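The values are calculated or read from the model by the stated rules, or taken from the named source; none is laboratory data. The model shown is predicted, which means the values in this text are computed figures rather than measured ones. Every residue, glycine among them, receives a Cβ derived from its backbone with ideal geometry; neighbour counts consider all protein chains shown. The protein model used for the area step is the full one, side chains on, heavy atoms only, and it has no ligands, DNA or RNA in it. Shrake-Rupley method; radii C 1.70, N 1.55, O 1.52, S 1.80 Å.
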Amino acid sequence: MVVHEVRVHPSSAQLPRQAQLTWKMAELAAGAPPPTPAVAEMVPCRVIHNAGVALGAMVRQPVIAARVMALAHPRAGGATLFGLPPDVRVHAEWAAWANATAVRELDFHDCAPPAAHPGDNIAPLIAVAQQMRCDGAALVRAIAVAYEIQVALGRGIPLAPSQKEQTGHLCPATTAGLGALLRLPVATIYQALNQAVLISQATRQTRKGEMTSWKAFVPGHSGKLGIDAVDRAMRGEASPSPAYEGESGVIAFMLDRPVACYRVSLPAPGEPLGAILQTFTKAHAAVNHAQAFIDLAFELRAGVDLSRVREVVVRTNSTVHNIVGTGANDPEKSNPGASRETLDHSLSYIVAVALEDGWFHHERSYAHERTHRPSTLALWRKVRSVVDPIWEARYRQAAPERPVLGGRLELHLDDGRLIAGDKPVADAQIGGARTMDRKGYEHKFRALAEPVLDAEVLEAFLALALGLSSASPEAVCRLNPPGTVRPDRPDGKGIYDHGLTSASKEVPAGSGIRA
């Protein structure tokens, strides 16, 4: 790996392109070697996983809304949508919008610790691969590049301390992946990355207070921005630079101010890409920071009369405490009428449900009758988190690829007994007790997809995805499996539906993705 120092430079320095982080990222995307066998095996697992969580969310309102918006932009030879027949095609950026929303909706896909979801890159890359007639080998390489960039940025330039949304790294990662997919020159990818970096920043208010369905839409929005950036760069247009290092750039005015210095590690030229192997998949449909405590709750609840619980204390690090715990000082996290998007980021609610039920379900655990159950409300109000110096130290000292987001869960009973357990990392996390293997990905996919996929279609999709590295462009166009959902059509409620006809318009000639 090569460590790149990233700091603010005055305009008078005229920082050369080759010294800028976006150029280094573009070089990686343009020159990335073919994936190693381990990476080539893991990429299809994540494609399968994305399809499962997307199909499991097909009938949820945000997913329906995104799909209807996409269907208002039909395009012959475009990209496909989860749940609909392969002959239903829309513009690639709108397929990215709808499909990425479906993947994100349940908060049930993969993680690049401590707070990113690199699987959000996959839907836009598949959409463009379908429209641009790319084969499976190109797609696998592009996904590996996107993971590499997002993991490197997440570790080297943390966004949470500056209260920025994680998609500030997602959009450039997708853009780099698109550059790799289309085999674009370094200079073209560089221009697209500068645009992607500058226009994709948002604050963490998207994850505080009254969280709404926008949390699900954010990756699709990011994917559209990335596709726009690449399309524009392919037409020869340039973007402002330096994006990170400029005296009015991202570091100076969006992150840690002009005095900051970040260190981003990227593979050296020709070095194999392996970041995807340092990410993991959630076992429970809840925020990453709560996964270990769900596992702990399952272990500690046996034989406990929860009505005798006086207090539940979660001892953890400041990151978990302040983002999803009671340290967030967010009343919505204790509101039974809060949105599902808020509750799946409420550690106290998640722990209470896990203790009561002994299981955690992507739908039933958030149902209205579940959130308003009197016994749950009583237990929920007894759960609090605290920053424990021991767990804070373990979190700070842990390797970046194996962050200690867990801690100690204590059940204090009214007779003075204490029932407690420790878990540094979730069972499904790298280094955990049950890290997911290929069979695990297939099992999770079947559990989520069987209610909406015919058995024949399900098996055909698994066979296709597992052989992705040798898939033809025609096969890539079957990567978003059709389901048994109703064939939504534009409903006339939005701007995009007004005056819509079923006839597709002529596609203009040109050199961009949209051409």
*Being open to solvent by 10 Å² or more (accessible area, probe 1.4 Å), assigned to a loop (DSSP other than H, G, I, E, B) and closer than 14 Å to Gly432 by Cβ is the filter here, so list the residues in the stretch 280-303 that pass it.*
Ala283, His284
*Restricting attention to the stretch 222-249, which residues are surrounded by fewer than 19 Cβ atoms within 10 Å (Cβ to Cβ) and not basic (Lys, Arg)?*
Gly236, Glu237, Ala238, Pro240, Glu247, Ser248
*First in the stretch 166-190 and within 17 Å of Gly236 (Cβ to Cβ) and at pLDDT 95 or above, second anywhere and surrounded by fewer than 24 Cβ atoms within 10 Å (Cβ to Cβ) and of a type in the set (D, E, K, R), Cβ under 6 Å, 6 or more apart*: Val186/Glu27
*Give Tyr441, Tyr496 a once-over and let me know the one that is modelled with pLDDT under 90, outside any loop (DSSP other than H, G, I, E, B) and either within 25 Å of the chain's Cα centre (by Cα) or at negative phi (or both).*
Tyr496
*Considering (1) under 30 Å from Glu247 (Cα atoms); (2) open to solvent by less than 10 Å² (accessible area, probe 1.4 Å); (3) of a type in the set (A, V, I, L, M); (4) in a helix (DSSP H, G or I), say which one Ala70 fails and leave the rest.*
(1)
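So that you can scan it fast, the table gives a plain yes or no per residue for (1) open to solvent by 10 Å² or more (accessible area, probe 1.4 Å); (2) more than 30 Å from Gln397 (Cα to Cα); (3) of a type in the set (D, E, K, R):
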residue	(1), (2), (3)
Ala29	no, yes, no
Met58	no, yes, no
Gln61	yes, yes, no
Arg75	yes, yes, yes
Glu93	yes, yes, yes
Phe108	yes, no, no
_Which listed residue, of Arg235, Arg204, is more than 26 Å from Pro62 (Cβ to Cβ) and basic (Lys, Arg)_ = Arg235
*asked:* Among the residues that make up the stretch 329-339, is at least one of them in contact (Cβ under 8 Å) with a residue 24 or more places away in the chain, buried (at least 24 other Cβ atoms within 10 Å of the Cβ) and farther than 23 Å from His412 by Cα?
replied: no
*Hey, Thr376 hits all of (1) modelled with pLDDT under 95; (2) closer than 29 Å to Leu55 by Cβ but one; which does it fall short on?*
(1)
*asked:* Any residue at all in the stretch 255-273 that's over 23 Å from the mean Cα position of the chain (by Cα) and under 30 Å from Arg417 (Cα atoms)?
replied: no
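Results for (1) free of Cβ contacts under 8 Å to residues at least 40 places away in the same chain; (2) open to solvent by less than 50 Å² (accessible area, probe 1.4 Å); (3) part of a helix (DSSP H, G or I), shown as yes or no for each residue.
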position: Glu341; (1), (2), (3): no, yes, yes
position: Ala352; (1), (2), (3): no, yes, yes
position: Leu355; (1), (2), (3): no, yes, yes
position: His362; (1), (2), (3): no, yes, no
position: Arg370; (1), (2), (3): yes, yes, yes
position: Ser375; (1), (2), (3): no, no, yes
*Kindly list, by first and then second residue, each pair from a residue in the stretch 447-462 that is under 23 Å from Val43 (Cα atoms) to a residue that is aromatic (Phe, Trp, Tyr), limited to pairs with Cβ atoms under 9 Å and residues at least 6 apart or on different chains.*
Leu448/Phe108; Ala449/Phe461; Leu453/Phe461; Leu458/Phe445; Phe461/Phe445; Leu462/Phe445
*Restricting the search to the stretch 265-278, which residues are open to solvent by less than 10 Å² (accessible area, probe 1.4 Å) and over 17 Å from Val6 (Cα atoms)?*
Ala275, Ile276
*Residues of the stretch 443-484 satisfying the condition of being open to solvent by less than 40 Å² (accessible area, probe 1.4 Å) and out of contact with any Gly (no Cβ under 7 Å at 6 or more places or on another chain)*: Leu458, Phe461, Leu462, Leu464, Ala465, Gly467, Pro473, Cys477, Leu479, Asn480, Pro481
*Look through the stretch 77-127, keep the residues that are of a type in the set (A, V, I, L, M) and assigned to a loop (DSSP other than H, G, I, E, B), and return whichever of them is nearest to the chain's Cα centre (by Cα).*
Ala115
*Condition check for Gly421: under 15 Å from Leu300 (Cβ atoms) and either small (Gly, Ala, Ser) or part of a loop (DSSP other than H, G, I, E, B) (or both)*: yes
*Identify the single condition in (1) part of a strand (DSSP E or B); (2) open to solvent by 30 Å² or more (accessible area, probe 1.4 Å) that Tyr262 does not satisfy, given that it satisfies every other one.*
(2)
*For Leu255, are the conditions met, namely being crowded, with 20+ Cβ neighbours inside 10 Å and in contact with a strand residue (DSSP E or B) (Cβ under 8 Å, 6 or more places away or on another chain)?*
yes
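Here is a yes/no grid of residues against (1) without any contact (Cβ under 8 Å) to a residue 40 or more places away in the chain; (2) in contact with a Lys or Arg (Cβ under 7 Å, 6 or more places away or on another chain); (3) open to solvent by 10 Å² or more (accessible area, probe 1.4 Å); (4) within 21 Å of Thr326 (Cα to Cα):
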residue	(1), (2), (3), (4)
Val387	no, no, yes, yes
Arg394	no, no, yes, yes
Gln397	yes, no, yes, no
Ala420	no, yes, yes, yes
*Can you name every residue in the stretch 141-171 that is buried (at least 24 other Cβ atoms within 10 Å of the Cβ) and of a type in the set (A, V, I, L, M)?*
Ala142, Ile143, Ala144, Val145, Ala146, Ile149, Val151, Ala152, Leu153, Leu170
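So that you can scan it fast, the table gives a plain yes or no per residue for (1) farther than 28 Å from Ala66 by Cβ; (2) modelled with pLDDT under 95:
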| position | (1), (2) |
| --- | --- |
| Ala196 | no, no |
| Lys215 | no, yes |
| Asp231 | no, no |
| Leu255 | yes, yes |
| Pro269 | yes, yes |
| Gln291 | no, no |
*Hey, any hits in the stretch 304-311 for a residue that's under 30 Å from Val39 (Cα atoms), open to solvent by less than 20 Å² (accessible area, probe 1.4 Å) and modelled with pLDDT of 95 or more?*
no
